[in-house]
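Structure first, commentary second.
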Amino acid sequence: MKILILGHTGFLGKNVHKHLKSSESHQLVCISSADLDLTSQDSHKYLRNYLDSQDVIVFCSGVKKQLGDNFDSFNKNSLIVDNFLKGIVHKQPKKIIFFSSAAVYGEDIAYIEKIDEETSVQPRTYYGKSKFTSENLLTKACIDNNIKLIKVRPPLIYGKDDLSRGYGPTGFTYKAMNNEEIVLWGDGSEYREFVYIDDVGKSIARLINNEYEGVLNLVSGCSYTFNDILDCLKNILGRDIKIEFRERSKKKVNHHYSNQLFKEVIPSFKFTNLEEGLKKLTNQIRKSNEKK
């Protein structure tokens with residue numbers, strides 16, 4: 001069996017590669033945008049050269065929200081999926097694991113109940129809309145061509161190689177370690193789920209030979225506030241952190257997830273809790289700085 005990782009040099013793809021490369025049960029083929037630019041017109045023709053009927057494709061390619069949540073990024077993500085679909089309809093793989101996003105549920109939607117795979121999709125950003133559009137197109141193509149499809153929806157993922165360093169664990173950690181001021185919107189008490197990057201690669205490794213098909217929220221079921229991130233960092237660093245409080249620009253909403261389905265699909269999986277993940281992150285940043 002051959003496993004293709006599309007986008008293996010990105011934040012997600014790099015970690016998936018890390019957790020798949022040690023196995024001897026499959027051949028691993030890694031494809032980056034330098035090898036195959038899926039936004040180019042004829043890319044689907046070259047994609048066919050990589051494909052075989054027993055392949056499993058881990059689809060990490062895409063334009064991240066942090067690089068611009070606008071119509072241009074929506075079009076690029078749509079083009080990537082369009083060219084991908086043109087390639088696979090001629091040479092159908094066995095399975096596709098597609099990285100979607102919990103953004104399809106709507107970042108500013110307030111949910112009373114825990115979000116699960118049956119929760120109504122309400123994307124409110126170009127990024128969320130592009131992911132849901134991609135899910136629908138892939139679902140149609142996979143049904144028509146008898147291809148297994150897993151649509152993975154992770155919430156905010158954090159780790160050292162997240163170069164966007166946005167609002168959340170990664171951005172807060174880099175700023176705190178550099179003794180820079182952290183901007184906190186509102187009182188920081190809203191709940192979100194944050195997933196440590198190594199849990200992503202480990203999950204995908206478990207899904208390669210898994211028979212599950214459909215939507216899967218990649219979640220632990222444990223949400224934290226932004227204040228929780230800051231409190232953990234204070235304990236880890238052993239000092240206070242500079243914080244600038246700013247008035248909230250949007251209505252406060254909390255997001256809590258159910259991981260019941262995840263536990264059924266990948267039993268006995270142990271997620272990294274926030275404090276443990278931040279300790280790993282700070283240690284990795286320190287080691288990286290020491291090498292400079």
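Quick notes on this one:
- Near pairs, Cβ below 7 angstrom, 6+ apart or cross-chain, from the stretch 147-174 (modelled with pLDDT of 95 or more) to any residue that is among the polar types (S, T, N, Q) and not in a helix (DSSP H, G or I): Ile147/Gln92; Lys151/Ser100; Val152/Ser100; Arg153/Ser100; Arg153/Ser101; Arg153/Asn217; Pro154/Ser101
- Flag for Ser220 being small (Gly, Ala, Ser), buried (at least 19 other Cβ atoms within 10 Å of the Cβ) and assigned to a loop (DSSP other than H, G, I, E, B): yes
- Number of the exception - Leu138 against (1) of a type in the set (A, V, I, L, M); (2) more than 21 Å from Ile57 (Cα to Cα); (3) in a helix (DSSP H, G or I): (2)
- Flag for Gly68 being at positive phi, within 22 Å of the chain's Cα centre (by Cα) and surrounded by fewer than 16 Cβ atoms within 10 Å (Cβ to Cβ): yes
- Counted as qualifying within the stretch 1-110 are the helices (runs of 4 or more DSSP H) with 3 or more residues that are within 24 Å of Lys202 (Cα to Cα) and touching a residue at least 40 places away in the same chain (Cβ under 8 Å), namely 11-20.
- Scope the stretch 251-292; condition of a type in the set (Phe, Trp, Tyr) and within 20 Å of Gly188 (Cβ to Cβ); matching residues: Tyr257
Yes/no per residue for (1) touching a strand residue (DSSP E or B) at 6+ places or on another chain (Cβ under 7 Å); (2) within 26 Å of Lys18 (Cβ to Cβ):
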{"position": "Asn136", "(1), (2)": "no, no"}
{"position": "Asn146", "(1), (2)": "no, no"}
{"position": "Ile157", "(1), (2)": "yes, yes"}
{"position": "Thr170", "(1), (2)": "yes, yes"}
{"position": "Gly188", "(1), (2)": "yes, no"}
{"position": "Ser223", "(1), (2)": "yes, no"}
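- Considering Glu275, Glu290, the condition of being surrounded by fewer than 10 Cβ atoms within 10 Å (Cβ to Cβ) and of a type in the set (D, E, K, R) is satisfied by Glu290 alone.
- Restricting Phe262, Phe245, Phe271 to residues that are within 27 Å of Val152 (Cα to Cα), of a type in the set (A, V, I, L, M, F, W, C) and not in a helix (DSSP H, G or I) narrows the list to Phe271.
- Search result, residues across the stretch 247-272 that are at pLDDT 95 or above, of a type in the set (D, E, K, R) and exposed (fewer than 13 other Cβ atoms within 10 Å of the Cβ): Glu264, Lys270
- Among the residues listed as Ser32, Ser25, the single one being at pLDDT below 95 and surrounded by 15 or more Cβ atoms within 10 Å (Cβ to Cβ): Ser32
- Within the stretch 235-262, being more than 21 Å from Ile112 (Cα to Cα) and in contact (Cβ under 8 Å) with a residue 40 or more places away in the chain holds for Asn235, Ile236, Leu237, Ile241, Lys242, Ile243, Glu244, Phe245, Arg246, Glu247, Ser249.
- Out of Ile229, Ile236, one residue alone is buried (at least 19 other Cβ atoms within 10 Å of the Cβ), under 22 Å from Glu276 (Cα atoms) and not acidic (Asp, Glu). It is Ile229.
- Answer from Glu135, Glu118, Glu107 - the residue that is acidic (Asp, Glu), surrounded by 19 or more Cβ atoms within 10 Å (Cβ to Cβ), modelled with pLDDT of 95 or more and within 20 Å of the chain's Cα centre (by Cα): Glu135
The values are calculated or read from the model by the stated rules, or taken from the named source; none is laboratory data. These figures come from a predicted structure and were not determined experimentally. Note that each Cβ is placed from the backbone with ideal geometry, even for glycine, and that neighbours are counted across all protein chains shown.
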